[in-house]
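Visitor: Below is a structure I'd like to ask you about.
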Amino acid sequence: MNEEIDFEWLSQHIHKKYPDIKMFSADATKFCFEERVNINCFYCKNYDVNWKCLTCIPKINYQNMMCEYEYGAFIKLELPFKKENFPEIRAKSTNDLHKILLYMEKILWEHNRPMAISFIGGSCKLCKNGCGPERCNQPYSTRIPFEATGVNVIKTMEEQTGVKITFPPKDKLERIGLILW
């Protein structure tokens, strides 16, 4: 018989290694999918450059795909910054969240949840010198940005958790990722 791997189980397991992250239960059937989110990708400097952004990700119905999962969790990471170090904190926050989500996938895989998948917050920044010219340099580690799926992450977070994310960030950078299993 399979062990029950619900939100509480995962939260307790993950907080042992990452006590500072915040986790919120996520209901994929209530995600706010909006076309206007995708048009914002068009204005990003990584548009059609980053291998995991909108133009390069699989053309599937992400709304349907996400609803196939029984459990979901939003992962919120906060890092303080000053004006002088914002660019480095921006990259660090993305990569830290990315590392946490990959760890969560590994834990779920080890507990017979091989279909677990995560979505990062912001564009992939694993490669310091940018994406490979012909293909992704790290295809097993990179993940699709949550917003590239068409989810209005800000609206979804507020509606499902009460967490309000405002722009521009003032003194802390908040990254939101998603894991589904």
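The values are calculated or read from the model by the stated rules, or taken from the named source; none is laboratory data. Computed from a predicted structure; not experimentally measured. Here Cβ is always computed from backbone atoms with ideal geometry, including for glycine, and neighbour counts include all displayed protein chains. The area values use the complete protein model at the heavy-atom level, side chains included, leaving out ligands, DNA and RNA. Shrake-Rupley method; radii C 1.70, N 1.55, O 1.52, S 1.80 Å.
Visitor: In the chain, with Lys and Arg counted as +1 and Asp and Glu as -1 at Cβ, which of these residues, C32, C53, F7, has the Cα nearest the positive end of the dipole, that is, farthest along it?
Guide: My answer, from the dipole projection, is C53.
Visitor: Kindly identify segment 87-173 as rounded, prolate or oblate by the Cα gyration tensor criterion: order the square roots of the eigenvalues as a ≥ b ≥ c, call it rounded if a/c is under 1.5, otherwise compare a/b with b/c, prolate if a/b is larger, else oblate.
Guide: Cα axes put segment 87-173 in the oblate bin.
Visitor: Identify the trypsin sites (Lys or Arg not before Pro) of segment 30-91 meeting these criteria: DSSP loop state and at most 15 other C-beta atoms within 10 Å of the C-beta. Don't skip to the answer; put the middle values down first.
Guide: Details: sites: K30, R36, K45, K52, K59, K76, K82, K83, R90; in loops: K45, K52, K59, K82.
Passing sites in segment 30-91 are K45, K59, K82.
Visitor: How much accessible surface does C131 have with a 1.4 Å probe, in Å² rounded to 10?
Guide: Estimated to the nearest 10 Å², C131 gives 50 Å².
Visitor: How big is the Cα convex hull of the chain in projection, averaged over all directions, in nm²?
Guide: Convex hull of Cα atoms, orientation-averaged projection: 10.7 nm².
Visitor: Hey, got the dipole for segment 91-138? About the Cα centre, +1 on K and R Cβ, -1 on D and E Cβ, debye to the nearest 20?
Guide: It comes to approximately 120 debye.
Visitor: How would R135, R143 line up by accessible area, probe 1.4 Å, largest first?
Guide: R135, R143
Visitor: Taking the Cα centre of the chain as origin and charging only Cβ (+1 Lys, Arg; -1 Asp, Glu), how large is the dipole, in debye to the nearest 20?
Guide: 800
Visitor: Whenever you get a sec, line up V153, V49 from highest to lowest accessible area (probe 1.4 Å, protein heavy atoms).
Guide: Greatest to least solvent exposure: V49, V153.
Visitor: Follow-up question, since we're still on this one. From the protein chains alone at 1.4 Å, what is the descending order of accessible area for E3, E78, largest first?
Guide: Sorted descending by solvent-accessible area, the residues read E3, E78.
Visitor: So, one more: Along the charge dipole of the chain, Cβ charges K/R +1 and D/E -1, which of T156, L97, G132 sits furthest on the positive end?
Guide: Highest projection toward the positive end goes to G132.
Visitor: When you count, for each residue, the other Cβ atoms within 10 Å and take the mean per peptide, how do 115-123, 6-14 rank with the highest first?
Guide: Details: 115-123: 21.0, 6-14: 14.8.
Ranking the peptides 115-123, 6-14 by packing returns 115-123, 6-14.
Visitor: With all protein chains present, calculate the accessible area of E110 using a 1.4 Å probe and round the result to the nearest 10 Å².
Guide: Probe radius 1.4 Å; accessible area of E110 about 100 Å².
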